[in-house]
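Below: the structure, in structure tokens.
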Amino acid sequence: MAVPAPLTQTVNGWLRVVPPWTLYVLGALYMGWLFWRAATDVALVEPIDWLERAYGLASLQLLVATLAVTPLRRFAGLNLLRFRRALGLLVFFFVLAHLLVWALLDVQALGAVWADIVKRPYVTIGMAAFLLLVPLAVTSNDRSLRRLGGAVWRKLHKLTYAVAVLGAIHYVWLARGFALEPLVYMGLIAGLLALRLPAPRAAAA
Amino acid sequence: GLGAAALAGPAVAQEDLEPNTLDQITSYNNFYEFGYDKEDPAAHADAMVIEPWSVKVDGLVDRPGDYALADLLDGLEVEERIYRLRCVEGWSMVIPWNGVELADVLAKVGVQEGARFVAFETTVQPEVMPGVQRGVLDFPYVEGLRLDEAQHPLTILATGLYGESLPKQNGAPIRLVVPWKYGFKSIKSIVRISLVEQQPPATWNLTNPSEYGFYSNVNPTVDHPRWSQATERRIGGGLFSSRQPTLMFNGYDEVAGLYEGMDLAENF
């Protein structure tokens, strides 16, 4: 691990006094604000599509933030480890909200929801990512960590990588052409995963 | 409006043709020259230069040439047509266009024997078009119709909206409107009209032939490979609006005869 620069040490010091639950509060406020805007802002011509995308995008952004925790600590000495569980759980809640808006407000019919999941690959992929998130959310507490043991728990939570890849593909695939923004997220996620590959062994001196 | 309801066919209730607001029609657009997002055209189209404007008419016509817009429209009757617009993405609007029948323009330039299709081309102004700079599609945007589709009385060249000049994000100063086809067929900001013998290229069809056919008639029974086309959402209903069934030919049944004997799942 890199030795933190003085500025990073200061930031780490500040972060120590921030309780992780503030992230849940901020996440809930943001989710509620997006919903309120979709329900009331007449300037949003297509509020259903807007809300669906806003929740989906927030999920991906939180996922990128979750994946950035370890590299930031390893390469910059910035310690955000205390916040990672909250970030990960917020991914789950935003994906759940995204899914509910899609099913209840957008598609509006259970049969059509099921048909889309079975027939449309980008929906299938999104659904798979959500299903993989469920065990992660369920075991994201200290009791599960103790019961499973650190090694098993860590292995299980590597599913996050699969979720990230599926989420990125889902976003690229639903665009009508090759839009720039989905490719940026795909690149970010690929980069953050590449940083986890075992480092090539330094040549013997 | 000149018999707009009558044009729509008896199956469609009158309240179904309540137009969207000018604000909705001008702030939620697909015009990829200005970017991918629905807000991009309204944000960037202002810089497009539309004066002077001329349309090159060429190919199998008696009177080819570069027509100043006013000359092309001279003597033709501008009518109001309240049409439903169904986007291939699954949303729809109702738009009160002002325009002339394409058939009248074609008659004016004189369609020659042997012409079977009409090809259209959109202006390219790279310096003011961020989407062109980024090359999000192969520009210029091109589209085409079979000659009988082009000459159908429902097919218009629109020059206005709500009785005013056409806003730039909606394809000023002159655009095609073919109400029974998905919106992307109705090419915007036209600078060239060519009468040709062979089926001309169409931008979305070139970009992804398995997803966008040359005909692209609105058809609830033929799904887009990535989403159903059975229903649509009318813009303007808010967060809790219901989907409504999509109608064959977007409700314009009178065009069915154009496709008699054709397999519309094959020729989608």
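Let me check I've understood the local charge: for B:Ile190, count other residues with C-beta under 12 angstrom from its C-beta, Lys and Arg +1, Asp and Glu -1. What total comes out?
+2
Would you please classify the overall shape of the protein assembly as shown from the alpha carbon gyration tensor, given that a ≥ b ≥ c denote the square roots of the eigenvalues, rounded means a/c under 1.5, and beyond that prolate means a/b larger than b/c while oblate covers the rest? Present the calculation step by step, with values, prior to reporting the outcome.
Details: a/c = 2.43, a/b = 2.09, b/c = 1.16.
Verdict is prolate for the protein assembly as shown.
Identify all aspartates and glutamates with a Cα-Cα distance to B:Lys56 below 17 Å; exclude those on the same chain that are fewer than 8 residues away in sequence.
Leaving aside aspartates and glutamates fewer than 8 places away in the same chain, those within reach of B:Lys56 are B:Asp66, B:Asp71, B:Asp74, B:Asp104, B:Glu121, B:Glu143.
Using helices alone, what [θ] at 222 nm do you get for chain B, with -39,500 (n - 2.57) per DSSP H run of 4 or more residues, divided over all residues and rounded to the nearest 500?
-3000 deg cm²/dmol
Find the all-direction average of the projected area of the Cα convex hull for chain B, expressing the result in square nanometres with one decimal place.
Its average projected convex-hull area is 13.6 nm².
Find the relative contact order for chain A and round it to a whole percent, using C-alpha pairs within less than 8 Å whose residues are 6+ positions apart.
Working: 175 pairs, mean separation 43.4, N = 205.
Relative contact order of chain A: 21 percent.
Return the aspartates and glutamates within reach of A:Lys119: Cα separation strictly under 14 angstrom, same-chain partners fewer than 8 residues apart disregarded; answer none if there are no such residues.
Within the straight-line limit of under 14 Å, A:Lys119 reaches these aspartates and glutamates: B:Asp223.
What aspartates and glutamates does B:Lys38 reach when the alpha-carbon gap must be under 16 Å and sequence neighbours fewer than 8 apart in one chain are set aside?
Here the aspartates and glutamates satisfying the reach criterion relative to B:Lys38 are A:Glu46, A:Asp49, A:Glu52, A:Glu181, B:Asp23, B:Asp46, B:Glu89.
Could you work out the relative contact order of chain B? I mean the mean sequence separation of Cα pairs under 8 Å and 6+ apart, divided by the number of residues, in percent.
RCO, chain B: 22 percent.
Between B:Val78 and B:Lys56, what FRET efficiency comes out of the Förster formula 1/(1 + (r/R0)^6) with R0 = 25 Å and r the beta carbon distance, rounded to 0.05?
With a Förster radius of 25 Å, E is 0.70.
Can you show me the helix-derived [θ] at 222 nm for chain A, built from DSSP H runs with n ≥ 4 at -39,500 (n - 2.57) apiece and divided by the number of residues, rounded to the nearest 500.
Here the helix-only value at 222 nm equals -23000 deg cm²/dmol.
Taking neighbour Cβ counts within 10 Å as the exposure measure, how do B:Val88, A:Val101, A:Val172 sort from fewest upward?
A:Val172, B:Val88, A:Val101
Could you rank the peptides A:89-99, B:112-122 by their average count of other C-beta atoms within 10 Å per residue, with the highest value first?
So the order, starting with the most tightly packed, is A:89-99, B:112-122.
FYI, it's all coordinate maths here, none of it is from the lab. Fair warning: this is a prediction, and the values are worked out from it, not measured in the lab. With ideal geometry, Cβ positions are generated from the backbone for all residues, glycine too; neighbour counts draw on all protein chains shown.
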